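Pasting a structure here, questions to come.
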Amino acid sequence: MESLLSSGALVSLIWLLAGFPISGDLRTSTYRWQMSVQLAIGLVAVGLSSFTLFRAMSVDAQAFAAPGLAGTLLSFGTNRLSAVLLITVSFIGLIVVRYSHAYLAGEAAQGRFLSVLCQTLAGVTLFVCAGNVWLLLVAWFFINRSMQRLICFYPERRTIVLAARKKRFVSRCSEVALLVAAITLWKIAGTSDIAEINAVASSLPVETHDFGLWASSAVCLALAAVFMCAQFPTHSWLTEIADAPTPVSALLHAGVVNAGGILLLRFSDVMTNSGVAMFLLIVIGGVSALYGSLVMLTQRSVKVMLAYSTVAQMGFMLLQCGLGVFGSATLHIVAHSLYKAHAFLASGSIVDVARGNGLLGREATPRIGSVIFGFAVATTLFLGFTRVSGASFAQHPAIIGFGLVMCMGAMHLVVQSSRGASRVIAALRAAGASVLLGAIYFSLQAVCEEFFEAAVAPPAPLATASAFFFAIVLAMFALITSLQWALPWLQKRRFWQVFWVHTSNGFYINQISNQFLQLPPRERNGDITRTIG
Amino acid sequence: MSSEKSSQVIKFPGARKNKPVVQQAVQRSLRRVAPVWPLDGFVAVNPFLGIADEGFSVAARRVSLACEARMYMTPEFYVSALDRQRVKPEDVEEAIQIVGDCEGVSAEHLGAELANGAATEVRALPTVASVARELANTDWPSHVVERISHWASGYFDVGQAVWPSPFRELSPFRAWLAEMRIDCSDVVLGINEAQKILAELPEDAAEACEWCLNRLSIPEDVVELYLHRLQMTIGGWVAYARFKSWQQELAGSEPELIVDMLAIRLSWELLILRGGVAQGIELAWRRSITGCNADSLLAQPVSRAERALEIAQTAYEFAWQRELVSQLQASPVSSPATRPDVQAIFCIDVRSEVLRRALEQVSETTETLGFAGFFGLPIEYIPLADQQGSAHCPVLLTPAVRVRETVHGQTEELSNRLLRRVKLARQLKRGWRSFKNSAVSSFTFVESFGLTYALKLAAHSLRLSRPEPNPRFRGLPPRFASDLGPQVRAVDGTSESVGFTRQVDFAENMLAGMSLKSNFARIVMLTGHASSSTNNAHASGLDCGACGGQSGEASARLAAAILNDQQVRAALISRGYCIPEDTFFLAALHNTTTDAVELFDIDELPVTHRSDLQGLRANLDQAGALARTERSAALMLDPERATLSEMLSRANDWSQVRPEWGLAGCAGFVAAPRSMTCKLDLKGRCFLHSYDHTQDVEFRTLELIMTAPMIVASWISLQYYASTVDNRVYGSGNKVLHNVVGGSVGVFEGQGGDLRVGLPLQSVDNGDGPVHEPLRLSVFLAAPITAINRVLEKHQHVRDLVDNGWLHLFAIYDEGKVIVRYRGELQWDAFSPASVQNSQMHQH
């Protein structure tokens, strides 16, 4: 059996199996029975994914790289990276399927929805463990198609039709980019096997031509990733997906948009070879991270806010890829998936936060003392980190840079916590929390780097242009962080008022793209969304 | 999109002073849209509040002109009800008599008439946006809604955006102007002249309205309808603005915020008209608006199809009334009890009826009463360590006293220390939330703590935890959670808690209100109610509406504390209420999701009452089980699966969109002694208010019932009615698409569009069709008609409701044997006895 199919491929098959057509509704015992079967199958998928990881850890990663029908179209590559991603996708998939059983109860098309949901999961798991570029391409097409079906669950809603049209356009772009990349890689590497392509790429001399075929395939991969990850300025479909049921958003944000990142991780050796592709990722990722996090601050509905947050997080992840820290990028993908799936599924709970006066956005400017204290804590953390890790800016600019981002976060935590009557105690507690935060952050980074050492390419030296642009992005991060403390002050400045208006509109990207892909106006006023019953 | 040069745009005659007729029309239009309460206290509102001064059928015509809303179910619905014999021919005949002027629609042909009339629909009045849509092939109405909604969600946001609107200190119109003068959307949308028009607009909202109206050349008699139409295009946000100005309106002032909203929407009309978006728009607009004539639109003879719907709806209601009336008349009157062991007082909420009936069934010696769940205490309840609280009283009232929450059983020093601790915990939590949700720091958060969400996902899915802790217990160490309760008397004697004379007044009103003057039981249980659900944006809509969408716990505990006070009791004697010494008032909370009843402050119960308490507990457990079994069918559960643990797990399920059915099914309101109804199975469909008119000397209690609980009940019933008949306009749509706006302001259905009002589809529909039967409320008052008439004469808004057909009114005589129907104009008819007998015969 093992010679035929890897356990990763089995997970994909299992999810396909879980997508059996379900009939009836929650009241009937047949439905409940089918639901139990589906959840049990999902649980098996999670179990088998864990088993895959166990195997991948016990076997030498390189030797384990290509079981399945090696050399044919049905080859699978399972290593630590794909095993971890398999677990993540299957786990989130199981949660989302379970959630949808009660959540969509009463919808006429609930059975079909669950089938397509499971099929999408089959696509994503196939994508994660496909061994050659053709299978990868098939999985990529399949994910886009089934996601499209999920998004259009209410085809009578005009806003979703528009969003789906944009999404289709962006998906086609990513498919073309991936197709070109696949053909080029197959031609120049002489093999379609991903592990072999990576091996060939890593054996190349470091400074290859930036405009050669390797470089162009890397650029195509980068573009495919950028299109899939809803990066600026192709993100506008993502913010409009809120017109599909919540579980679709959860799956999309947690398991589908990051497929772009997974693609880069799987071709990390190809990517590190091309300075241009890496620079492209740094620019687009950096801009999207800045754009997403700024626009996110001004959004007033929870799902749209989360969508912009995804744009920013994916941008940050691509920035990590562009800087060659693929281990950190893997951690980011997994952690973000879990976080964002939860955030969407729990989005109704924001009212509980409001009922408990827990909403933000009306804070006074912090005292100068707490800013100084926060700065001191962050600096200490940073110095401690450089001392322990022995990293230096000259040798490991990316690691140092992301360490700085972490310290900005820690400083933000201290500054925002040190308010109220007992602010001294609060500041001390927050400082303690920051130290803990720093410890968790740095140990996770170290663990990931070691854990995925064999699965992804090692960090490559940074080109000057990349380092320069990264420095600019870091400076902007620092600026945005401190701007958030000065909000009450900004509110009264004309420049920032103007800036706020443009930012809250997402700099009009959605509207401009709507003008391009406009639909003919509907006959009657209002969206009629009665599909229940 | 055409971008015609402005020189070619036809100019209308310049400014003319608006005539008083127009100004009055503007004033009238300001109250047409009903308010909507935000999600942290989502109480029911009559969505037809602004049009209740008109008859139901005229209003139906008005809303179809204003927003193409329906006020009846679809013809197929009634045809099916006729086919199923849910509505019988005699109901139709009676309905034809009552509705009158039927142009030959007869009982036997009603079904055919309904089927024929299905296609006739009234189109809404044109707006400049809708004319532009036809002309320019661009969806201007949606663009306008989208843009206004974008502005409004930022302006009214209460804390979703970390970076809030810098203009929220300004009035709505000024804030909108400030934003629009910066916003570049007009360029993207191709409104070339936008900035010029905006620069000319007056800064004052009322002046801007006049400015725009002058340039839109609306025929005078259409102005009001047109403005109503405009408001309904952004109806959700207008409703929210109406909520914001509700408090001032209670005090009698004008709804100023609505003028602002109107000015914004009118400005958009002007932007489209003069902005150069379509060639020939001015001419097209003039042609379509001058073709409209309000009188002919509103007063034109009602079509046969509309008549048929009205008859069908009325007959549908008669069918239900006939069942109830025959039940009431057939019900044996229970003998006046000797002293009951327990008197359990529940909220009038329809969900109480099920449990009350079960409790009486379990225990012969338990008497139940119905009273508004805030127990007549108009309080603002301030949660622990907070500065402000929320009103725990019906939205018709303003809170008269502020009551703080406190941790009981603590010395002052300890409780101060605890308070500091809670405040610190909350501050740290806020800091943490800020760390989690801010730009840049959120990257660090995800990388450091994102993995922990695997545990959360698993725990929530296994129903072991909820995404956000119960707001009440924020920052409080768990061991103190059960000690939280209202502080009856201020520790330091400040005016915040309830003064002594006030307490006595409250006690007297309470006892008078529930007609409880004598024969007090040993234990009187004051039962508030609350729901429990997880991850439910509309959770507060399931809580006690009489307590402003909050839990009824605080009110019940406060009421019990007041009535247990020896001094208060002593003072009550002089007012004619003699409470025996062995009577103890016990506060309780009915969890409407699980039907469990929690008892409070039992350590204050005298030792002599311990055995009574044990008995009560056993009875409550049994009654809860009975009630759960009864509710199981509607919840899609097998009766044997409807256990307490199953209900709890349902309440803790973060994916559950129907934790309970709330007040779905509500149809009747009965104010009578319980002895008249206690043998009846009312299926959880009636509001039950205890009322004994023989104790009500000057009919003050009757007046109170008709002006407060009855109004609130009709609001609830009309909210369910409207959300069922037209969820697009009056409901908040599909819950699986809900996207909470502004922290707790309301929901969008999807990523944008107008703010949605009313109930989600899932609250009235189970997938097969409506679970809520859309019936206007039938009110049964066991009181003399002279007294009822006097109240109607005194209160015009109550009379509007009954005279205009927004609810049905009946009076009960002779312990339920004689029932008369209100026919309008203070006239009453006997409830046709023949038809009742008929229906009784059908039952046997």
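The values are calculated or read from the model by the stated rules, or taken from the named source; none is laboratory data. Note that the structure is predicted; figures quoted are calculated from it, not measured. Reconstructed Cβ throughout: ideal geometry from the backbone, glycine too, with neighbour counts over all protein chains shown.
Of the residues B:254, B:210, B:203, which single one is more than 14 Å from chain A (Cβ to nearest Cβ), part of a loop (DSSP other than H, G, I, E, B), more than 27 Å from the chain's Cα centre (by Cα) and touching a residue at least 12 places away in the same chain (Cβ under 8 Å)?
B:203
Return the residues of the range A:239-261 that are under 12 Å from the mean Cα position of the chain (by Cα) and either of a type outside the set (Val, Ile, Thr) or surrounded by fewer than 24 Cβ atoms within 10 Å (Cβ to Cβ) (or both); say none if nothing qualifies.
Step one: filter the range A:239-261 for residues under 12 Å from the mean Cα position of the chain (by Cα), giving A:250-261.
If the condition is that a residue be under 12 Å from the mean Cα position of the chain (by Cα) and either of a type outside the set (Val, Ile, Thr) or surrounded by fewer than 24 Cβ atoms within 10 Å (Cβ to Cβ) (or both), then A:250, A:251, A:252, A:253, A:254, A:255, A:258, A:259, A:260, A:261 are the ones that fit.
Whether any residue in the range A:333-350 is at pLDDT 90 or above and assigned to a loop (DSSP other than H, G, I, E, B) is what I want to check.
yes
Suppose we keep only residues that are out of contact with any Gly (no Cβ under 9 Å at 6 or more places or on another chain) and either of a type in the set (D, E, K, R) or facing chain B (nearest Cβ under 8 Å) (or both) within the range A:393-414. Which one would you say is farthest from residue B:425 (Cα to Cα)?
That would be A:405.
Do you know which of the residues in the range B:174-184 that are surrounded by fewer than 22 Cβ atoms within 10 Å (Cβ to Cβ) and of a type outside the set (A, V, I, L, M, F, W, C) is farthest from residue B:272 (Cα to Cα)?
B:174
Hey, another quick one. Of the residues in the range B:223-251, how many are part of a loop (DSSP other than H, G, I, E, B) and in contact with a Lys or Arg (Cβ under 7 Å, 6 or more places away or on another chain)? Spell out how you get there, then give the answer.
Within the range B:223-251, the first condition is being part of a loop (DSSP other than H, G, I, E, B), and the residues that meet it are B:234, B:245, B:251.
When the remaining residues are screened for being in contact with a Lys or Arg (Cβ under 7 Å, 6 or more places away or on another chain), the result is B:234.
Result for the range B:223-251: 1.
Which residue is nearest to residue B:78 (Cα to Cα), if the candidates are limited to the range B:753-776 and must be modelled with pLDDT of 95 or more and in contact with an Asp or Glu (Cβ under 7 Å, 6 or more places away or on another chain)?
So the residue we want is B:775.
I'd like the full set of residues that are facing chain A (nearest Cβ under 10 Å) and over 37 Å from the mean Cα position of the chain (by Cα), limited to the range B:182-197.
Kept after step one, since they are facing chain A (nearest Cβ under 10 Å), are these residues of the range B:182-197: B:182-185, B:187-190.
Passing the criteria: B:182, B:184, B:187, B:188, B:189, B:190.
On to the next question. Taking residue A:454 as the residue in question, decide whether it is aliphatic (A, V, I, L, M), surrounded by fewer than 18 Cβ atoms within 10 Å (Cβ to Cβ), more than 8 Å from chain B (Cβ to nearest Cβ) and in contact with an Asp or Glu (Cβ under 9 Å, 6 or more places away or on another chain).
Answer is yes for this residue.
Does any residue of the range A:149-163 turn out to be over 14 Å from residue A:248 (Cα atoms), modelled with pLDDT of 95 or more and crowded, with 19+ Cβ neighbours inside 10 Å?
no
Still on this structure, please answer the following. Specify the residue that is modelled with the lowest pLDDT; the eligible residues are those in the range A:493-521 that are outside any helix (DSSP H, G or I) and more than 7 Å from chain B (Cβ to nearest Cβ).
A:519
Six or more apart or on different chains, Cβ under 9 Å: which pairs go from a residue in the range B:56-74 that's under 13 Å from residue B:718 (Cα atoms) and more than 14 Å from every other protein chain (Cβ to nearest Cβ) to one that's of a type in the set (Phe, Trp, Tyr) and in a loop (DSSP other than H, G, I, E, B)? Could you list them?
B:56/B:48; B:56/B:806; B:71/B:48
For the structure I just gave you, tell me whether residue A:370 is facing another protein chain (nearest Cβ under 8 Å), assigned to a helix (DSSP H, G or I) and among the hydroxyl-bearing types (Ser, Thr, Tyr). Before the answer, list the steps.
On the way: facing another protein chain (nearest Cβ under 8 Å): no; assigned to a helix (DSSP H, G or I): yes; among the hydroxyl-bearing types (Ser, Thr, Tyr): yes.
No, not satisfied.
Condition first: within 16 Å of residue B:354 (Cβ to Cβ) and in contact with a Phe, Trp or Tyr (Cβ under 6 Å, 6 or more places away or on another chain). Can you find one or more residues in the range B:699-717 that meet it?
For the range B:699-717, residues within 16 Å of residue B:354 (Cβ to Cβ) and in contact with a Phe, Trp or Tyr (Cβ under 6 Å, 6 or more places away or on another chain): absent.
Right, next: Please verify whether residue A:68 is at pLDDT below 95 and touching a helix residue (DSSP H, G or I) at 6+ places or on another chain (Cβ under 8 Å), treating the condition exactly as stated.
Judged against the criteria, residue A:68 is a match.
Mind checking whether some residue in the range B:825-833 is surrounded by fewer than 18 Cβ atoms within 10 Å (Cβ to Cβ), acidic (Asp, Glu), at negative phi and assigned to a strand (DSSP E or B)?
Scanning the range B:825-833 turns up at least one residue that is surrounded by fewer than 18 Cβ atoms within 10 Å (Cβ to Cβ), acidic (Asp, Glu), at negative phi and assigned to a strand (DSSP E or B).
Would a scan of the range B:709-723 turn up a residue that is in contact with a strand residue (DSSP E or B) (Cβ under 7 Å, 6 or more places away or on another chain), part of a loop (DSSP other than H, G, I, E, B) and over 30 Å from residue A:97 (Cβ atoms)?
Residues of the range B:709-723 that are in contact with a strand residue (DSSP E or B) (Cβ under 7 Å, 6 or more places away or on another chain), as a first pass: B:709-710, B:713.
Restricting the remaining residues to those that are part of a loop (DSSP other than H, G, I, E, B) gives none.
No, every residue in the range B:709-723 fails to be in contact with a strand residue (DSSP E or B) (Cβ under 7 Å, 6 or more places away or on another chain), part of a loop (DSSP other than H, G, I, E, B) and over 30 Å from residue A:97 (Cβ atoms).
Return the pair list, or none, for Cβ contacts closer than 6 Å from residues in the range B:392-412 that are over 30 Å from residue B:245 (Cα atoms) to residues that are surrounded by fewer than 17 Cβ atoms within 10 Å (Cβ to Cβ), at least 6 apart or on different chains.
Listed pairs, sorted by first residue: B:407/B:483; B:408/B:483; B:409/B:483.
Mind telling me which of the residues A:328, A:349 ends up being small (Gly, Ala, Ser) and closer than 27 Å to residue A:400 by Cβ?
After applying the criteria, what remains is A:328.
Being free of Cβ contacts under 8 Å to residues at least 60 places away in the same chain and within 18 Å of the chain's Cα centre (by Cα): is that true of residue A:344 here?
Values: free of Cβ contacts under 8 Å to residues at least 60 places away in the same chain: no; within 18 Å of the chain's Cα centre (by Cα): yes.
So residue A:344 does not fit the description; no.
From the set of residues in the range B:429-469 that are among the basic types (Lys, Arg) and out of contact with any Lys or Arg (no Cβ under 9 Å at 6 or more places or on another chain), which is surrounded by the most Cβ atoms within 10 Å (Cβ to Cβ)?
B:466
I need the full set of residues from the range A:318-343 which are within 9 Å of chain B (Cβ to nearest Cβ), of a type outside the set (Gly, Ala, Ser) and farther than 26 Å from residue B:745 by Cβ, in order please.
A:331, A:332, A:334, A:336, A:338 - these are the residues of the range A:318-343 that are within 9 Å of chain B (Cβ to nearest Cβ), of a type outside the set (Gly, Ala, Ser) and farther than 26 Å from residue B:745 by Cβ.
Still on this structure: Scan the range B:742-759 and tell me whether some residue there is crowded, with 24+ Cβ neighbours inside 10 Å, part of a helix (DSSP H, G or I), facing chain A (nearest Cβ under 8 Å) and out of contact with any Cys (no Cβ under 8 Å at 6 or more places or on another chain).
no
Same structure, new question: Which residues, taken from the range A:271-310, are touching a Gly at 6+ places or on another chain (Cβ under 6 Å) and either facing chain B (nearest Cβ under 7 Å) or not in a helix (DSSP H, G or I) (or both)?
A:300
For the condition at pLDDT 85 or above, more than 10 Å from every other protein chain (Cβ to nearest Cβ) and buried (at least 21 other Cβ atoms within 10 Å of the Cβ), what is the one hit in A:417, A:434, A:466?
It is A:466.
Within the range B:661-688, track down each residue that is within 14 Å of chain A (Cβ to nearest Cβ) and either more than 16 Å from the chain's Cα centre (by Cα) or not aliphatic (A, V, I, L, M) (or both).
B:661
Let's see how each residue does on (1) buried (at least 21 other Cβ atoms within 10 Å of the Cβ); (2) within 20 Å of residue B:198 (Cα to Cα); (3) modelled with pLDDT under 90:
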residue	(1), (2), (3)
B:229	yes, no, no
B:254	no, no, yes
B:278	yes, yes, yes
B:291	no, no, yes
